[in-house]
Structure formats: structure tokens, C-alpha cells
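Enquirer: One structure, as C-alpha cells, below. Some questions next.
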Amino acid sequence: GLADEEGKNFLALAEARTRGAMLSLRETAGSLGAGLAVVPIPSHAAVDPAHRSRFGESELGLSEDAWDPNRPVELFLGLAKELGITALDPRAAFVGAIDQGGHLYFNLDWHLNPRGNRVLARFLHNELDKPGTGLLPAGLAATTRVDAPPQPASDGLPTWIPVYLVLLLVLGTAFK
């Protein structure tokens, strides 16, 4: 009916505007002499089948065959290809990391958690270091590999504790 046509028109308009924005971004990057890569970050449902089934039913009220969480990623990858923009798809890296155990997304929102950000950063590092991407000049590869978050140095008490105690003593005495 009419609602379906309005929905299709809305999506067609959104996709056309997205294409225009990407075209403008490509032209601007070119005028600046900058490399450009599109890296669509997939939703949790696009890379974790268990989350997809839970999210589809509980949040969207849709069965698994009624929606596709990969559609936004495919849209950006397709537009990038059409416009001659380098596109990097991290979905396989995310699926592999989820298969190894652990979560990549926060449970309460749509954002990557620290582990998810490290997986994405490792994926980008590996992809950008590949010869022939045209995004980094030859010989400009990163030489340091970091797979875990940096651990803070533990040299006794944190600095704020003695500062707080001195302030407490001085201000408490002055107040008295």
C-alpha cells in the first residue's frame, strides 16, 4: 500500500543523499591530495547471529528473515565501489574475533567496546599496510604492534591520594 511506497521513497532519498555526500567527500579529499577509504562499521547484529536473532525479535519485533542488518554496510561498500573509493570491510575480522570468544560491542548501546575498537584498529592497520592500497606512501608502514591495551604503571599510591590527604589536612585545620 501507500506506507510501503512511502518507505521505499524514503529509503531511495536517503540512499541518494548518502551517495551525494560520498561523492562530495571523494571530491574534497581529491582536491586536498588526501587518500580516502570507506570503512563501514557493522552493527552488532551483522556480525553476531545470536545478537541478530535476539535484537530482531525483542527490539524490532521482526523475524530474522524480515530484515537484514548487513544492508547499511552493503550500501556503503556498493557506493564506494561505484564511486571509485577504496572500501574496507571489517565484518570477517569481527566475526573471527567473536568466534574466538568475548564481546566487541557494549550491551547497552550500539558502540564498540575497547576490545571491539582494538579489533577494528588491528584490521585497519593490517589493511593499510598491504601494498597497493594507495592510501599510504610506500615505506610508511607502522612498525609497532600492540594487541592489548596499555597497562598503567603501578608505582605505589596514585598521585591523587597524597594530594587529597594534604588538602584534607590543610583545609580541615584551617576550618577548625
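Enquirer: Which one is farthest from ALA37 (Cα to Cα) among residues in the range 85-131 that are in contact with a Ser or Thr (Cβ under 8 Å, 6 or more places away or on another chain) and crowded, with 16+ Cβ neighbours inside 10 Å?
Expert: Taking the range 85-131 as the starting set, the residues that turn out to be in contact with a Ser or Thr (Cβ under 8 Å, 6 or more places away or on another chain) are 86, 110, 127.
Then drop every residue that is not crowded, with 16+ Cβ neighbours inside 10 Å, which leaves 86, 127.
Working: THR86: 5, GLU127: 11 Å.
Across the range 85-131, the extreme among qualifying residues is GLU127.
Enquirer: Has the range 156-165 got at least one residue that is in a loop (DSSP other than H, G, I, E, B) and at pLDDT below 70?
Expert: There is at least one residue in the range 156-165 that is in a loop (DSSP other than H, G, I, E, B) and at pLDDT below 70.
Enquirer: Go over the candidates GLU5, GLU64, GLU82, GLU57 one by one and state the one that is at pLDDT 95 or above and open to solvent by 70 Å² or more (accessible area, probe 1.4 Å).
Expert: GLU82
Enquirer: Still on this model: Yes or no: ALA46 at pLDDT 95 or above and in contact with a helix residue (DSSP H, G or I) (Cβ under 9 Å, 6 or more places away or on another chain)?
Expert: Spelling it out, it is not the case that ALA46 is at pLDDT 95 or above and in contact with a helix residue (DSSP H, G or I) (Cβ under 9 Å, 6 or more places away or on another chain).
Enquirer: Can you report the number of residues in the range 25-39 which are at pLDDT below 90 and over 19 Å from LEU88 (Cα atoms)?
Expert: Total meeting the criteria: 1.
The values are calculated or read from the model by the stated rules, or taken from the named source; none is laboratory data. Because the structure is predicted, anything quoted here is derived from the model rather than measured. No Cβ is skipped: glycine too gets one built from the backbone with ideal geometry, and neighbour counts run over all protein chains shown. What goes into the accessible areas is simple: the full protein's heavy atoms, side chains included, and nothing from ligands, DNA or RNA. Shrake-Rupley method; radii C 1.70, N 1.55, O 1.52, S 1.80 Å.
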